[in-house]
1. Restrict the check to region 65-79 and report whether at least one residue is open to solvent by less than 10 Å² (accessible area, probe 1.4 Å) and either at pLDDT below 90 or among the basic types (Lys, Arg) (or both).
2. Have a look at 614, 622, 631, 658 and point out the one that is in a helix (DSSP H, G or I) and within 30 Å of residue 516 (Cα to Cα).
3. Look at residue 176 and say whether it is polar (S, T, N, Q) and in a helix (DSSP H, G or I).
4. In this structure, does residue 85 turn out to be under 30 Å from residue 189 (Cα atoms) and open to solvent by less than 40 Å² (accessible area, probe 1.4 Å)?
5. Do we have any residue at all in region 45-52 that's over 25 Å from residue 283 (Cα atoms), of a type outside the set (Lys, Arg) and either modelled with pLDDT of 90 or more or open to solvent by 20 Å² or more (accessible area, probe 1.4 Å) (or both)?
6. Output the residue which, of all residues in region 97-116 that are over 17 Å from residue 63 (Cα atoms) and in contact with a strand residue (DSSP E or B) (Cβ under 6 Å, 6 or more places away or on another chain), is surrounded by the most Cβ atoms within 10 Å (Cβ to Cβ).
7. Looking at region 661-669, can you tell me whether even one residue there is modelled with pLDDT under 90, exposed (fewer than 12 other Cβ atoms within 10 Å of the Cβ), assigned to a loop (DSSP other than H, G, I, E, B) and over 44 Å from the mean Cα position of the chain (by Cα)?
8. Among the numbered criteria (1) on the phi > 0 side of the Ramachandran plot; (2) buried (at least 19 other Cβ atoms within 10 Å of the Cβ), which one does residue 132 miss?
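The values are calculated or read from the model by the stated rules, or taken from the named source; none is laboratory data. Every value quoted in this text rests on a predicted model; they were computed, and no experiment measured them. For neighbour counting, all protein chains shown are included, and Cβ atoms are generated from backbone atoms with ideal geometry for every residue, glycine included. These accessible areas exclude ligands, DNA and RNA; they are computed on the full protein's heavy atoms, side chains included. Shrake-Rupley method; radii C 1.70, N 1.55, O 1.52, S 1.80 Å.
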Amino acid sequence: VITIGASLSSEKMEYEFKQAVSALNRNFAYTNVLFNSTSILMDSNPIRSALDICDKLLAQQVFAVVASHPNSTDHSPISVSYTCSYYNIPVVGISARDSAFSDVNVHKMFLRTVPPYSHQADVWVQLLLNLTWHKVIFLYSADEEGRSILSRFQTLAEDHDIRIEQAVRYAPGEKNYTNTLETILSCTSRVILLSASSEDAEIIYINAENLRMTGEDWAWIVTEQALTINIPVGFLGLHLVNGTNEVNHIKDAVEVIGQAFARLLARENISDPPRECKDVDSWDYGEIVYEALIETKLNGETGQVSFSQEGDRLNSMYEIMNINSNRRPMSVGLFGHKEKIIGLRMVGNNITWPGNTHIKPKGEKISRNLAIVTLKEKPFVEVLPLPKDGICRPVGRAQHAFPCKNETQDHCCMGYCLDMLAIIAEKVQFNFTIHLSKDGLFGSFEKHNGSDKKHWNGMMGELMRQEADLIVAPLTINPERANDIDFTKPFKYQGLNILVKKTQKDSSLASFLQPFQDTLWILVGLSVHVVALVLYLLDRFSPFGRFKLAKSDDTEEDALNLSSAMWFSWGVLLNSGIGEGTPRSFSARVLGMVWAGFAMIIVASYTANLAAFLVLDRPEALISGIDDPRLRNPNEKFKYATVKGSAAEMYFKRQVELSTMYRNMEKQKTYFTAEAAIEDIRKG
């Protein structure tokens, strides 16, 4: 005989419980197991409730207890769980949704036919995937329920590429949550997941409406507890099917107990449980019975019943509720396991969204009409006059051309940055209008009009004053700018450069004379003629030059004349072949060989020095670098400057060791574009 105890909310539920146990006996009439029932009404006072368990249920030797909630309240059966757990008597909850009951260290003998509130995170994840939203704001209460649903959602979201942009925690029971909600306005996500009690939700909805956070482009998904009477139009929420149907849950709880004991008793005998609270020893078979209970699976009155290792109900059925224009919740989908429904199934596409619209929000803050500021800077942005027909056409390598305005005239803008803008706009889906920077500056942080307060000028100033939504230009990332605005990843990496005019060294016809000094050239030229003259004289007056040798059959030769001697001397020096007119006498030939050796040394030295001079003959650099003395301590004739409002100017302004250079550049002519500065460098 198995006695099943129950602590229920009303006498009607006690009657339903007895009927369920009677039906259980009819179903198991073929077995040798008989089920008895005994029940009490749960007291709202936890201490009296615990005493009733001892005096009225344990005295009947109950093998398991079905626990509901006190009449007219939603208090949890925590005293029932504590008392029964001490004696290892399993408790099947039929209404307790608190996440605290999932803690097996505290409620080791508790299981339930309803899921905890934190399991709504499972539905949220599937709903977000169905709606293709992957970035959310999580608004939760700083209590056990809020922390539990956040923890479960974070675990599930990681596996499905869903990111929490910001988790906003609030203290439950406050009278105003405006400050908490204002932190959400700076986020880009417009999908809010709300975990709140009904009391807190009412206040949050009022504050959110005042901040215009319940209109178009926003999306709210809330928990069951937050589905209140005054919930705004377009919100999505969840409703547990049969969640409050106590009769059906009693039937399923009794059926689970019946099947578990039928299986357990078929394979082994179990001892009797404690008879009163005075017993010190707990029930030895309690944990075995508990394991049999959580292993039970059945298709019951509330759907497919099964349990996790923590004793929580799995595979519950939820309705996706949508607040229509009449502020009435309408079912637009189902989630769970029942018959042919597995997972999430949305019914139709006629969902009402915040702002009473049927167009699904994009889920992110995207302005669809952006004001874009830029300035002329080839090849990134090129500005051309607007054609007479008013249609901008790309020129050269540009693929797109857009109309752009300054304060007085219309122009056409094109270039690398604008081709990039066209691709981004197509992917992100927004429209834009382009205007040129009013003062033509990139943007620097400085004082204006004698004021002590610093302000941004240029494109940066327009962005900070909200005169523009986006800068599309070759704007350098530096610490000052990055402190106030967000940059994309850079499309070009570039350092600081010093531009100077090239000093071209003119090559003259006399450049081949550079290897030797003028004195040496004069002496070489003089030596050629002196050697030629001496050769002539030696050959003229030598006895071997004029007269024919004795016993020689050769014809007489005339002596070497002055012209041939000159030809010989130059020929040897310039290494050209000498075919005739060579010295005849011995003395002249000795001088010729000495002259040839001298010529060889001179030619070799000249060739080596000429090669060295040609290699080294390059223009001398005007500036060696940032530490060049002419930049650090310039004189009045040496002028240098930078582009006004540029990152280069801000760099010099920021570096203390370069303050002298910055002050010197401030005195020079102001350049608003690099083009104008480069043109002045060309002109000197």
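1. Applying the first criterion (open to solvent by less than 10 Å² (accessible area, probe 1.4 Å)) to region 65-79 yields 65-68, 70, 77.
Subset that is either at pLDDT below 90 or among the basic types (Lys, Arg) (or both): 70, 77.
Yes; the residues of region 65-79 include at least one that is open to solvent by less than 10 Å² (accessible area, probe 1.4 Å) and either at pLDDT below 90 or among the basic types (Lys, Arg) (or both).
2. Values: 622 fails: in a helix (DSSP H, G or I); 631 fails: within 30 Å of residue 516 (Cα to Cα); 658 fails: within 30 Å of residue 516 (Cα to Cα).
Unique residue meeting the criteria: 614.
3. Details: polar (S, T, N, Q): yes; in a helix (DSSP H, G or I): no.
It is false that residue 176 is polar (S, T, N, Q) and in a helix (DSSP H, G or I).
4. On the way: under 30 Å from residue 189 (Cα atoms): no; open to solvent by less than 40 Å² (accessible area, probe 1.4 Å): yes.
It is false that residue 85 is under 30 Å from residue 189 (Cα atoms) and open to solvent by less than 40 Å² (accessible area, probe 1.4 Å).
5. Applying the first criterion (over 25 Å from residue 283 (Cα atoms)) to region 45-52 yields 45.
Now narrow it down to the ones that are of a type outside the set (Lys, Arg): 45.
Still in the list and also either modelled with pLDDT of 90 or more or open to solvent by 20 Å² or more (accessible area, probe 1.4 Å) (or both): 45.
Yes, region 45-52 has at least one match.
6. 113
7. No, region 661-669 contains no residue that is modelled with pLDDT under 90, exposed (fewer than 12 other Cβ atoms within 10 Å of the Cβ), assigned to a loop (DSSP other than H, G, I, E, B) and over 44 Å from the mean Cα position of the chain (by Cα).
8. Here residue 132 clears every test but (2).
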